[in-house]
1. Can you list the residues, at least 5 places off or on another chain, whose amide H is less than 5 Å from the amide H of residue 78, using H built in the peptide plane?
2. How far apart, in nanometres, would the label points at residue 96 and residue 78 be if each is projected 7 angstrom from Cα along the Cα-to-Cβ direction?
3. Expressed in nm to one decimal, what extension gain is obtained for the pair residue 121 and residue 64 from 0.36 nm per residue of sequence separation less their Cα-Cα distance?
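The numbers here are math on the coordinates, done by the rules we state, and not lab data. If you're wondering where the values come from, they're calculated on a predicted model, not measured in any experiment. FYI the Cβ positions are ideal-geometry reconstructions off the backbone, even for glycines, and counts take in every protein chain you see.
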Amino acid sequence: LLWRGPQKQADRVGELRARARRARPSEGMAWRALISRRLHELRIVCCPESPASAPVRSFLANNYEGLKTLNPKFPFLVRTGEADPYFLATYGYGHTEKKSLAGLDEAEVAAALRDLVALGEKHPRSWAASEDLPPAVVKAV
């Protein structure tokens, strides 16, 4: 977003929520708002040129802004790699899960991320979840 002068935080959050809804109105976004509450960190490793990483790059291009809007303080770490693309999710107490994205299309990449977020419900948190958005915003999504 471009800075447009002084603006109330509530107005900006509302604008970002509306933009996220317009981006993907048909997909359920509730799990997307839970990323920062169930994971500590998410590394997205893919090659910037490889055809095997094309669906992951497409997923990032189409969904990164919406994910970051719903989880503004969450560390989404996009890294380059030579091998097959994968997600590396870090949960509480250093527990990590690696999910290979080789051979998946863009919808399956989103499903893999949704599975990692769902898995985070089972792991205890080693520090408090960041309160990225007010509860009213999360319920509306």
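1. Residues meeting the amide H criterion: 44.
2. If labels sit at residue 96 and residue 78, their model points lie 2.1 nm apart.
3. 18.3 nm
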